[in-house]
Amino acid sequence: MNIDSRNLINYFQQVVEMIEKEKDHLSELDRKLGDGDHGVTMSIGFQAVKDKLDHELLDEEDCSKICIVVARTFLSAVGSSVGPLYATGFLKGAKVIKNKRTLDDESLTKFWLAFVDGVKERGMAKVGDKTMVDTLEPAANILKEEFEKTGNFIEAFQYAVDAGRMGMESTQELLSRKGRSSRLGQRSLGVIDPGAASAYLLLNTFLTSLNS
Ligand code: ADP
Ligand code: MG
Ligand code: MG
């Protein structure tokens, strides 16, 4: 499959809408584990992104430029830990699709693998630390494995989203070791990590945006 800048902008517009719907839920998770701002933070970040999508990026055809603007805008709008994490992900993704107006199966796979690498490099969290990495790393592993087998991005990404969902759900049984909630100890048990939830939503929205 091929996607172009319109499809990518459509994806980010759908993320903006999805975050507005999920805002309270994400903050509720963060109220149990952290300082309660994750939904608000994501909303502030993606509302700033929406402003760019509606104006500056309206006619942009370079997919990497779109991701760079999204990353920089998100970073400067957001004060908390997710700012640099997601910004680094999208910047690292932008690097592997430099100057591209269309993204084929291979570019899409490389993009999402680079996104996950960016988050991991920036935050240094490991699987099991109860962060977004618990969603993203298993998703990336399956994406890579399935894409190598079939060369079909959509199919591979579908498996990746499923693996991401299971990773997200696994954070319920984990103790927090990174970020604010690491101070909670046992009290962090039983709650899904808010960043693991937003990371899953970012992936799942990409899948649904491809079908719309
Ligand atoms: P803050 O903790 O600054 O209020 P948010 O509430 O917006 O930031 O985001 C919290 C989320 O960030 C956590 O749920 C976790 O998934 C993620 N996070 C925090 N630190 C790291 C890290 N070092 N690596 C990966 N993800 C992290
Ligand atoms: Mg928070
Ligand atoms: Mg905060």
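Annotations for the structure displayed:
- Extension gain, Arg31 back to Asp51 (0.36 nm per residue minus Cα-Cα distance, nm): 4.4 nm
- Whole-number D in µm² s⁻¹ for the chain, Kirkwood Cα-pair radius fed into Stokes-Einstein, 37 °C, 0.692 mPa s: 194 µm²/s
- Remark: relative contact order (the chain) = 22 percent; criterion is Cα-Cα distance under 8 angstrom and separation of 6 or more residues.
- Two tests apply to each whole DSSP H helix in the chain, Cα reach of 30 Å or more along its axis and mean Kyte-Doolittle hydropathy of at least -1.0, and the ones passing both are 5-33.
- Nearest-20 debye value, the range 90-141 charge dipole, Cβ charges on Lys, Arg, Asp, Glu: 300 debye
- Separation of alpha-carbon centers, the range 21-62 and the range 149-165, rounded to whole Å: 25 Å
- Summary of packing: across the peptides 163-175, 135-147, the per-residue average of other C-beta atoms within 10 Å ranks them, highest first, as 135-147, 163-175.
- Based on C-alpha pairs under 8 angstrom that are at least 6 apart in sequence, the range 124-183 has a relative contact order of 42 percent.
- Size of charge dipole - the chain - debye, nearest 20, with Cβ of Lys, Arg +1 and Asp, Glu -1, no other charges: 740 debye
- In the chain, the DSSP-assigned H stretches of four residues or longer account for a calculated mean residue ellipticity at 222 nm of -23500 deg cm²/dmol, using -39500 (n - 2.57) per stretch and the full residue count as denominator.
- Ordering of 90-96, 105-111 by packing is 90-96, 105-111, highest average first (other Cβ atoms within 10 Å, averaged per residue).
Every read-out reported here was derived from the displayed coordinates using simple, explicitly stated rules and does not represent laboratory data. Values in this document were obtained by computation on a predicted structure and should not be read as measured data. Neighbour counts run over all protein chains shown; Cβ positions are idealised from the backbone, glycine included.
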